[in-house]
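In what follows, a single structure is set out as structure tokens and then discussed.
The values are calculated or read from the model by the stated rules, or taken from the named source; none is laboratory data. No experiment lies behind these values; they were computed from the predicted model shown. Note that we place each Cβ from the backbone using ideal geometry, even for glycine, and neighbour counts take in every protein chain shown.
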């Protein structure tokens, strides 16, 4: 199974677990003299098994991410994923820098004039460069996910 397939399976398994938990919750109580649609005890067992299956799949994915490299071996997949998330965070923080200035445009005439300490165009250029780096790295991660087998 490819890493990408394992990630898709993990998403489906988590979704199934959420549905099982909801079914169990909905079938804990039953009107006296009636039966539940689903046996909560059987659901409990199925939930426990699903949790174990998800854990095993996560461990395999993590192991594979640590042992699989991208960029001609420069970085492992786990580190690349962390780096993409760091880039997303940095882009979000830089994008928010000038929000305060824009909110001051609705101030009273008696308000003080605030002068930016950073050049907004330079920040925009940095954001654009970070976006390019993020997209390129994310594409490499996706290619790696769909071209490498999950380590058992």
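Some observations on this one:
- Scanning segment 84-135 for residues that are more than 30 Å from residue 70 (Cα to Cα), in a helix (DSSP H, G or I) and at pLDDT 85 or above returns 96, 120, 121, 122.
- Residue count, segment 48-69 (criterion: free of Cβ contacts under 8 Å to residues at least 60 places away in the same chain, more than 17 Å from the chain's Cα centre (by Cα) and assigned to a helix (DSSP H, G or I)): 8
- Residue 45 meets each of the listed conditions (1) assigned to a helix (DSSP H, G or I); (2) over 23 Å from residue 13 (Cα atoms) apart from (2).
- Residue tally, condition surrounded by 11 or more Cβ atoms within 10 Å (Cβ to Cβ) and out of contact with any helix residue (DSSP H, G or I) (no Cβ under 8 Å at 6 or more places or on another chain), over segment 23-41: 5
- Pair list, Cβ under 7 Å, 6 or more apart: segment 1-30 residue free of Cβ contacts under 8 Å to residues at least 60 places away in the same chain, other residue loosely packed, with under 11 Cβ neighbours inside 10 Å: 27/37
- Of all residue pairs spaced 6 or more apart or on separate chains, those with beta-carbon atoms under 7 Å, a first member in segment 70-89 that is at positive phi and touching a residue at least 60 places away in the same chain (Cβ under 8 Å) and a second member that is assigned to a helix (DSSP H, G or I) and surrounded by 14 or more Cβ atoms within 10 Å (Cβ to Cβ) are 71/140.
- Residue 147 being more than 17 Å from residue 3 (Cα to Cα), at pLDDT 95 or above and surrounded by fewer than 12 Cβ atoms within 10 Å (Cβ to Cβ): no
- Residue 83 vs. criteria closer than 29 Å to residue 122 by Cβ, in contact with a strand residue (DSSP E or B) (Cβ under 9 Å, 6 or more places away or on another chain) and surrounded by 12 or more Cβ atoms within 10 Å (Cβ to Cβ): yes
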